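Visitor: What follows is a single structure, and I will ask about it in a moment.
The values are calculated or read from the model by the stated rules, or taken from the named source; none is laboratory data. Please read these numbers as outputs of a predicted model, since none were measured by experiment. When we count neighbours, we look across all protein chains shown, and the Cβ atoms used for this are built from the backbone with ideal geometry, even at glycine. Heavy atoms of the whole protein, side chains included, go into the accessibility calculation; ligands, DNA and RNA do not. Shrake-Rupley method; radii C 1.70, N 1.55, O 1.52, S 1.80 Å.
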Amino acid sequence: MAERESMAYDVVIVGAGPAGLSAAIRLKQLAEERGRELSVCVLEKGSEVGAHILSGAVVDPRGLDELIPNWRDLDSPLTVPVTENRHWVLTATKKFEFPHLLMPPFMNNKGTYTLSLGNLCRWLAGQAEALGVEIFPGFAAAEILFNEDGSVKGVATGDLGVARDGTRKPDYQPGMELHAKYTFIAEGARGHLTKELKRIFDLDRDSEPQVYGIGLKELWDVDPDKHVPGRVIHTQGWPLDEDSWGGGFLYHQENNQVALGFVVALNYRNPYLSPFEEFQRWKQHPAIREVLEGGRRVSYGARAINEGGYQAIPKLAFPGGVLIGCSAGFVNVPRIKGSHTAIKSGMLAAEAAFEAVAADRAGDELSAYADALHSSWVADELKKVRNVEPLVAKWGGTIGTLLAGADMWMRQIGIGLPFTMKHHPDHRQMWRKDLVQPIAYPKPDGVISFDRLSSVFLSNTNHEEDQPVHLTLKDADIPVEVNLNLYDGPEQRYCPAGVYEFVEENGRPRLQINAQNCVHCKTCDIKDMTQNINWVVPEGGGGPNYPNM
């Protein structure tokens, strides 16, 4: 076995999203203020910073104001302030405006901006590099490394040049070890290293299980006469029924572009539901179609979203490292925002790690980070909305929304439900196929609605085909014996990229995994009923290449 080379840093950060980059920036700011050397590197599995970033996005600049107070003078991509806020309740053919005056004040979008989160991360990366942070795109952290005492030592990147059968190709290169005094895990929702760390250190022992939604998004060039920069629209209701919940968004961004998408909570019960098809059907609503007609779709993608809120935050620190951003789960679900909380979490972790390194510590538990986070405005914000998701999950879209609104208003005025509601894991919610009605989806028209394969093409997804399949099965028999026989194979519908399909072979069905289509959304890892699918990183640089999502 070829020996891996190693590099040592004070702090290694896995993931160049808002949390990871903000942590890197804050570490270097503190080092500059104190006049000391501090080495920081960021690993990013995408081919470039931003390649795997997907969000609406409407960004609350609160975290950025604290991280880089003069960001407005630094040519940032936050150029389109939200000017108009609408909330529609949809039926199959009509829309009803929900007055924003009926929502708690913290739900408004005053002072926010709509933009590509990928472009914000590219800009943050430039700020980080200017401070001396080393950023390595195209390198996937595949393995956690441990010291002899069990504390985290760092991470190792994946080997390159390994064939599908596990043999080494002529261009084989062993992965590299990156050692650190502290390792920050900022790999986003349902990261594979986060899963391992939760298991090893029992980080979610005292928290509720994390629950998720899947967000699907497209970017459209629209008719300039229909474009209103800063207009933000959210929808609920049709096409989802009471046994599933979610909603749509439509954001008018710069350059006559509209970012639109649809989120489906992954606790849905009907195995015939397809989040992708619900999104395509939603676009055919007269109010949505009107905006898109005469336009052109230019990009597509999908990503899982944390929806568990405050009660699902796991233990944040472990010996030698921390969870930050969506690896921990700081999304404010009713506000549909998590970038500002991710930035703040990265800053707080950086401040705790800097003090530890300055005191010549290494490999211990950064409890100061967890204490600071739970005392911060991040916790205050999430506590106000902690019952929203479980109320809607329990009572459905209509009654649940009314109860959630009442609870938020009560918390706004200082009272509220005297308890915190619990969650139920998404993979345990699916009903058998004999208990539900199949869903008949309309065929795409190729103008407003499209099929999955043409959509994946617009995500610029690419993987080296001759490499081990990164969507691994613990038991190869379960997809047919359990998933197909009892649930009619929901993986062929919940995957937004056409990765899974059942094919006939020698007169028997088998699951075919088209791993090269994978957009790294993690839905299969979350929703698979027996948790038989385990998503691991492919070769670095593989996956989607989102231009400005």
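Visitor: Counting pairwise Cα distances across the range 102-167, what percent come out greater than 14 angstrom?
Guide: Pairs farther apart than 14 Å: 78 percent.
Visitor: Determine how large the accessible area of K474 is when every protein chain is in place; take a 1.4 Å probe and give Å² rounded to the nearest 10.
Guide: That residue has around 150 Å² of solvent-accessible surface.
Visitor: Quick one: length gained pulling Q512 to A362 fully straight, 0.36 nm per residue minus the C-alpha distance?
Guide: Length difference between fully extended and current span is 49.4 nm.
Visitor: With a 1.4 Å probe and all protein chains kept in place, how do R72, R199, R297 rank by accessible area, largest first?
Guide: Output order, biggest surface exposure first: R199, R72, R297.
Visitor: I've got another one for you. Along Cα→Cβ, 7 Å out, is where each label goes; now give me the distance between the ones at K226 and E501 in nm to one decimal.
Guide: Placing both labels 7 Å along Cα→Cβ, they lie 3.1 nm apart.
Visitor: For the range 112-255, what is the accessible area per residue in Å², given a 1.4 Å probe and the full set of protein chains?
Guide: Result: 39 Å² per residue.
Visitor: Let me ask another. At 7 Å along the Cα-to-beta-carbon direction for both R72 and D475, put a label point, then send me their distance in nm to one decimal.
Guide: For the pair R72/D475, the computed spacing is 5.9 nm.
Visitor: Given a 1.4 Å probe and every protein chain left where it sits, what share in percent of the accessible area of the chain is carbon and sulfur?
Guide: C and S fraction of accessible area: 51 percent.
Visitor: Compare the Cα positions of Q437, S454, Q467 along the charge dipole of the range 412-480 (+1 at Cβ of Lys, Arg; -1 at Cβ of Asp, Glu; about the Cα centre) and return the one farthest towards the positive end.
Guide: It is Q437, whose Cα lies furthest towards the positive end.
Visitor: By how many nm would the segment from R296 to Q531 lengthen if fully extended, with 0.36 nm per residue of separation less the alpha-carbon distance?
Guide: 80.8 nm
Visitor: Another question about this same structure. Quick one: putting +1 on the C-beta of Lys and Arg, -1 on the C-beta of Asp and Glu, what dipole do you get for the chain around its Cα centre, in Debye to the nearest 20?
Guide: Using only the charged Cβ atoms, the result is roughly 1520 debye.
Visitor: What is the spin-label model distance, in nm, from I415 to E84 if the labels are put 7 Å beyond Cα along the C-beta direction?
Guide: That separation, rounded to one decimal, is 3.9 nm.
Visitor: Taking a 1.4 Å probe, which of F98, F502, F262, F419 shows the most accessible area, and what order do the others take after it?
Guide: Per-residue accessible area, sorted high to low, gives F419, F98, F502, F262.
Visitor: Per residue, how much accessible surface does the range 452-549 expose to a 1.4 Å probe? Answer in Å², no decimals.
Guide: 40 Å²
Visitor: Amide H to amide H, which residues 5 or more places from I135 or on other chains are under 5 Å from it, using H placed in the peptide plane?
Guide: V42
Visitor: Separate question: Can you compute the helix-only [θ] at 222 nm over the chain? Use -39500 (n - 2.57) per DSSP H run of at least 4 residues, normalise by all residues, nearest 500 deg cm²/dmol.
Guide: -7500 deg cm²/dmol
Visitor: Can I ask one more? State whether the range 85-138 is rounded, prolate or oblate according to the following rule on the C-alpha gyration tensor (a ≥ b ≥ c being the square roots of its eigenvalues): a/c under 1.5 gives rounded; otherwise a/b larger than b/c gives prolate, and the remaining case gives oblate.
Guide: Taking the square roots of the gyration eigenvalues as a ≥ b ≥ c, the range 85-138 is prolate.
Visitor: Sort 238-249, 281-292 by packing, meaning the average of other beta carbons within 10 Å per residue, with the highest value first.
Guide: Result, highest mean Cβ count within 10 Å first: 238-249, 281-292.
Visitor: List residues of the range 227-243, by number, whose backbone nitrogen lies under 17 Å from a label position 7 Å along Cα→C-beta of E254.
Guide: 228-231
Visitor: Give the calculated FRET efficiency between A440 and F146 to the nearest 0.05, with a Förster radius of 60 Å applied to their Cβ-Cβ distance.
Guide: Efficiency computed from Cβ-Cβ geometry: 0.70.
Visitor: Using the heavy atoms of the protein chains alone and a 1.4 angstrom probe, what is the accessible area of the range 368-437 per residue in square angstrom?
Guide: 54 Å²
Visitor: Right, next: Would you work out the relative contact order for the chain, in percent, from Cα pairs under 8 angstrom that are 6 or more residues apart?
Guide: 21 percent
Visitor: If ligands, DNA and RNA are left out, what is the accessible area of M410 with a 1.4 Å probe, given in Å² to the nearest 10?
Guide: Approximately 70 Å² of M410 is accessible to the 1.4 Å probe.
Visitor: Using a 1.4 angstrom probe on the protein heavy atoms only, could you order H470, H427 from most to least accessible area?
Guide: These residues rank, largest area first, as H427, H470.
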